[in-house]
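The values are calculated or read from the model by the stated rules, or taken from the named source; none is laboratory data. Owing to the predicted nature of the structure, the values given are computational and were not obtained by experimental measurement. All Cβ positions, even for glycine, are placed from backbone atoms using ideal geometry, and neighbour counts span all protein chains on display. Just so you know, the surface numbers come from the protein's heavy atoms only, side chains and all, with ligands and any DNA or RNA stripped out. Shrake-Rupley method; radii C 1.70, N 1.55, O 1.52, S 1.80 Å.
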2 protein chains.
Amino acid sequence: MLLNQVYKGCLVFSRCQTRKSFAEASWLRTLSTGTERSNRHEFNEKAQFGSSRLFMLAGLGAAAAAGFYYYTKYNLPKVLALENKVKEGTASEREPGSYVDGLPVYSSVDVAKHRDESTGVWVSYKSGVYDITHFIKSHPGGNKILLGAGVSVEPFWNLYAIHKQPKTLALLEEYRIGNLTKGEEDDSMMNMGDPYANDPQRHPVLTIRTKKPFNAETPTSLLVDNFITPTEFFYVRHHFPVPDVDLSSGDYSLEIISDNEKKGLSLNLDQLKTTYASHSVTASLQCSGNRRSEMNRTKPTKGLEWAQGAMGNAVWKGVRLRDVLLDLGIKESDENEHWHVEFEGLDIDPTSAPYAVSIPLSKAMDPRGDVILAYEMNGETLTRDHGFPLRVVVPGTTGARWVKWLTRIEVARNESQSHWQQNDYKSFNPSSDWDKVDFSTAPAIQEMPVTSVVCDPQDGETVELKDGKLKLKGYAWSGGGRGVVRVDISLDSGKTWHVAELLDPVKLSRQWAWTRWQANLPVTAKETEVWVRAVDSSYNTQPEGMEHIWNMRGVLAVGYHKIKVSLKAD
Amino acid sequence: MLLNQVYKGCLVFSRCQTRKSFAEASWLRTLSTGTERSNRHEFNEKAQFGSSRLFMLAGLGAAAAAGFYYYTKYNLPKVLALENKVKEGTASEREPGSYVDGLPVYSSVDVAKHRDESTGVWVSYKSGVYDITHFIKSHPGGNKILLGAGVSVEPFWNLYAIHKQPKTLALLEEYRIGNLTKGEEDDSMMNMGDPYANDPQRHPVLTIRTKKPFNAETPTSLLVDNFITPTEFFYVRHHFPVPDVDLSSGDYSLEIISDNEKKGLSLNLDQLKTTYASHSVTASLQCSGNRRSEMNRTKPTKGLEWAQGAMGNAVWKGVRLRDVLLDLGIKESDENEHWHVEFEGLDIDPTSAPYAVSIPLSKAMDPRGDVILAYEMNGETLTRDHGFPLRVVVPGTTGARWVKWLTRIEVARNESQSHWQQNDYKSFNPSSDWDKVDFSTAPAIQEMPVTSVVCDPQDGETVELKDGKLKLKGYAWSGGGRGVVRVDISLDSGKTWHVAELLDPVKLSRQWAWTRWQANLPVTAKETEVWVRAVDSSYNTQPEGMEHIWNMRGVLAVGYHKIKVSLKAD
């Protein structure tokens, strides 16, 4: 069944319509083993370089470039040294990847022989060959860098356009050991067009953070106008190009399997809709990195520079995941107390590894958990940017778990071993950093903590008072269905607090939606700093600032929102 | 059935063995209407003075004294004025309640005619008659003060021994309007011994906060020695004298009823044990006011002066409440989504109102909620101080809901209307105070937010370093089964953070027990301030201090725990 899935547009490989054929594409040919997803389990035991099952199994395709990206972005002493070199003008000035006379020449077959620490780890870029063995030791993503060993980094850099910055290229050049056999440098780019060419059109009002992959947020001032965020204004957070599923081809289906059930289910969208009752849920979706830009003011973190608009609220309609899992024979028991449900999307990286994450089975099975497989958003068919034809909606849980373009569900004894579950979307203490972090020590973010935002006015704005009063509007939300019970505002750094009016329903549990608030406060000063903070139904409240919750990944930036405004008397 | 219940020892009224007879006691006789608990519903509609159903229905018995206590404890301008008078020596120096020549004389029947605002509200104390009408307006407990209208305050002050302080008595005297008819002043004390005389013996290691009612905590340094807190060291928090149930009399039973089920259940302890499967749960119990003394450093709050020992961890064994409710015919549905389950104890105030509170039905019915009706604590029969013969265990929820001496369960459309649900155990913003607070705006505390404590060393201690290192030990916990995933320590006011070692199991859900932690940190200073804070599985963390979460009731004091220690090099 999987062989028939259409990945048209995923990478705009005209001849790569399925993951299998994608894996067989020439630039991966030398390493294409075990990329067929249905064979994944067989290959599991053969994985050589670490614990990341999905990636290992995806055929040791290649991800060195992603590794490089992370590595150069994060606080490696070498990066600092390089930055100094660039400042001092002593960094190599040659064009990165250009042919360098006098260096040894290696074929792509030579390069492909260097894939682990015993042989050294080599990659190529244009005409350059590089020994990146020394990257591996403290690579933040662990052994993930090895997945790209022995091949060209370029296909990755077409996916992660952000790599192509001088600093990254210059750093790569520091590891230069030779030239690639002439003629092979083009081969590495063979068939590699712009994988984002088939991405959908977006509304120009969105504030773009990166174009490729597309990541954009809603202007904050628009957010508070509607309890339900209009779909075209809704923030978009992608890791890869947007899959383009053609339902009329009959190729789309959802596969559902379980570790301990012989029975598997395979359903197309119509079957899913007609087999299970529909269920609607109004739930807010928030990126783990929402408000990262505020945290960056304490100290830079690594990730998209989100303001406060990587959040929205929508009505989602679909079928209950619980109903589907019951049909599969899953029952809650002491035995599966800590099992997980893994979701895979049709969006894949060049190793054919799909975006995949998992949530606790207990959340999936909870009748009050409201986890649905959604085919509608705000009363209309899901758009491609929001996961057409099917996405998981996990109310109360961070956006990273709401897998789009859903094609596979697996009930498993352990949580997903994907990069996004294991080595991203986690938080650490403020003194942890990339050079010494152990991702296995922190849990994957599921439910998110309470947060609140002033949407109107904006930081730095000049506001005309009305009757001597400053009008403020914003939103507040907490994870786990813990409704917001109070929003407090201070205009004097916490000496006195005002209770804001809550505009949307206050429920103490299963409150998946945000609560918008407003306040109208007398003020006489010419400028003021506004503080807002929320309290949820478990009386959790926010930390006062970002300083003590700072984390290298810039997630969970839920300190008080503080803005400065200038005031004009009326 | 209820008529047969034995309340022996509740108030040590030798002839008040049941609530009915208690209500018929002479000092309440003039107002004893509707005190029979099984008649409560009939009287509900007749309640005259407000919304507090339990109290109104309990027969308008009397609670002016409690009102006085609250009123004088809280920040009334009058109290401040009185304090000035006392300082200045201008306050009345007559013995409170003494006969004052020249004042009008009233009979207890006259006093009893003044029970609402239309007539004025009078009370008596010894030989004094007082018009406390002006107390009512801004009384923190709302109309509760009216329940004691028209009678003597003394029985209440025997219960709440803390009332008998000069300030409260002097304030009462400010409202003096007359003398009670000679002879009647003794009548008001008729049969009123020490209701606490039959309280059990306690271990002397407990730090007593009040003797009557008995409230005492575990010395913090003892807490970390054991994952399971020994029962005799476990903190005790009572509102009234300790009931003394004699199972051999056959009088004890548990009544279970539902608003929408015709069927009711009545079970004695043996029936309960033999009808339902036993279930054990390891869960920490914490008072809402734990750590209040730390919050009081910001500004005084009102409540018991708990340090960090109003918390403990125990193994509780009993039957699942869910099983009992299923037996009663309760099923979860959209209809009862927001219903509550009310618990009543055998501990009662002088109006015959039992201690009563409620929890959401969804928590009670959740198979993963682990709510049990416990008859064992730490492998032994419950002690009287911990609720013999039966207490509710509501894991992840504040101690106020863990009703002891459980005798009645009611599944109801609304949450409990008791004082303890409606007008206590709630939190407000720091700028709210008793004179302007509206208790209906805040939800009753159920799940509690994440907290952490340094237990060893103690604040102010001098510690001898070992190998230049400071050893720290403590506990951390979060409500709702959200396990503690990280404990951070800072010795430099948050500039750098160390991750503590967690000593007890880390589960991401259903983690009802606390997690003890330890750290061993190098330090060269002669003194240091230690900060600790925890992070739970929803990545909620603690506010940096108490200042911005200060609330007049002093609950939810969950800011970072900060202690100063002096250090001696080894």
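Descriptive notes on the structure:
- Looking across the stretch B:419-433, just one residue is under 21 Å from B:Glu337 (Cα atoms) and either open to solvent by less than 10 Å² (accessible area, probe 1.4 Å) or among the charged types (D, E, K, R) (or both), and that is B:Gln421.
- Exactly one residue among A:Ser427, A:Ser432 is of a type in the set (Ser, Thr, Tyr) and at pLDDT below 95, and that residue is A:Ser432.
- A:Trp339 falls short on exactly one of the conditions (1) touching a Pro at 6+ places or on another chain (Cβ under 9 Å); (2) open to solvent by 40 Å² or more (accessible area, probe 1.4 Å); (3) of a type outside the set (S, T, N, Q), and that condition is (2).
- When B:Asp467 is tested against (1) at the interface with another protein chain (Cβ under 10 Å from one of its Cβ atoms); (2) over 30 Å from B:Asp424 (Cβ atoms), just one condition goes unmet, and that condition is (1).
- Among the residues of the stretch B:348-379, the one identified as more than 17 Å from B:Asn423 (Cα to Cα), assigned to a strand (DSSP E or B) and within 13 Å of another protein chain (Cβ to nearest Cβ) is B:Pro360.
- Residue, nearest to A:Ala356 (Cα to Cα), within the stretch A:302-340, restricted to residues that are among the polar types (S, T, N, Q) and away from every other protein chain (no Cβ under 14 Å): A:Asn313
- When residues of the stretch A:440-488 are limited to those that are in contact with a Leu (Cβ under 8 Å, 6 or more places away or on another chain) and polar (S, T, N, Q), the one farthest from B:Val450 (Cα to Cα): A:Thr462
- Flag if A:Asp225 is assigned to a loop (DSSP other than H, G, I, E, B), open to solvent by 50 Å² or more (accessible area, probe 1.4 Å) and on the phi < 0 side of the Ramachandran plot: yes
- Flag if B:Trp550 is open to solvent by less than 20 Å² (accessible area, probe 1.4 Å), more than 17 Å from A:Met546 (Cα to Cα) and away from chain A (no Cβ under 13 Å): no
- The condition of being among the polar types (S, T, N, Q), out of contact with any His (no Cβ under 7 Å at 6 or more places or on another chain), surrounded by 24 or more Cβ atoms within 10 Å (Cβ to Cβ) and farther than 30 Å from B:Ala364 by Cα holds for only one of A:Ser352, A:Ser266, that being A:Ser352.
- Test: residue in the stretch B:481-497 that is more than 26 Å from the chain's Cα centre (by Cα), in contact (Cβ under 8 Å) with a residue 60 or more places away in the chain and over 29 Å from B:Val281 (Cβ atoms): no
- Unique match (being touching a Lys or Arg at 6+ places or on another chain (Cβ under 7 Å) and more than 30 Å from B:Ala216 (Cα to Cα)) among B:Asp246, B:Asp259, B:Asp270: B:Asp259
- The conditions of being surrounded by fewer than 21 Cβ atoms within 10 Å (Cβ to Cβ), within 13 Å of chain A (Cβ to nearest Cβ) and touching a residue at least 24 places away in the same chain (Cβ under 8 Å) are not met by B:Asp459.
- Summed over the stretch B:484-498, the residues that are β-branched (Val, Ile, Thr) and more than 8 Å from every other protein chain (Cβ to nearest Cβ) give a count of 3.
- Residue pairs whose Cβ atoms lie under 9 Å apart, sitting 6 or more positions apart in sequence or on different chains, and linking a residue in the stretch B:252-273 that is closer than 16 Å to B:Arg320 by Cα to a partner that is open to solvent by 50 Å² or more (accessible area, probe 1.4 Å) and part of a strand (DSSP E or B), are B:Leu254/B:Ser266; B:Glu255/B:Ser266; B:Ile256/B:Ser266.
- Those residues of the stretch A:423-447 which are of a type outside the set (Gly, Ala, Ser) and within 7 Å of chain B (Cβ to nearest Cβ), in sequence order: A:Asn429, A:Pro430, A:Pro443, A:Ile445, A:Glu447
- Positions within the stretch A:499-540 being open to solvent by 20 Å² or more (accessible area, probe 1.4 Å) and within 10 Å of chain B (Cβ to nearest Cβ), in sequence order: A:Val499, A:Val506, A:Lys507, A:Leu508, A:Ser509, A:Arg510, A:Trp531
- Considering residues of the stretch A:199-221 that are part of a strand (DSSP E or B) and β-branched (Val, Ile, Thr) only, the residue farthest from A:Leu472 (Cα to Cα): A:Thr210
- Filter result for B:Lys299 (away from chain A (no Cβ under 14 Å), surrounded by fewer than 20 Cβ atoms within 10 Å (Cβ to Cβ) and among the basic types (Lys, Arg)): no
- The condition (being within 14 Å of chain B (Cβ to nearest Cβ) and of a type in the set (Lys, Arg)) is satisfied by just one residue among A:Arg391, A:Arg401, A:Arg413: A:Arg401.
- Among the residues of the stretch A:462-483, the ones that are open to solvent by less than 20 Å² (accessible area, probe 1.4 Å) and within 30 Å of B:Glu337 (Cα to Cα) come to 9 in all.
- Within this structure, A:Asp570 passes the test of being modelled with pLDDT under 95, of a type in the set (Asp, Glu) and surrounded by fewer than 24 Cβ atoms within 10 Å (Cβ to Cβ).
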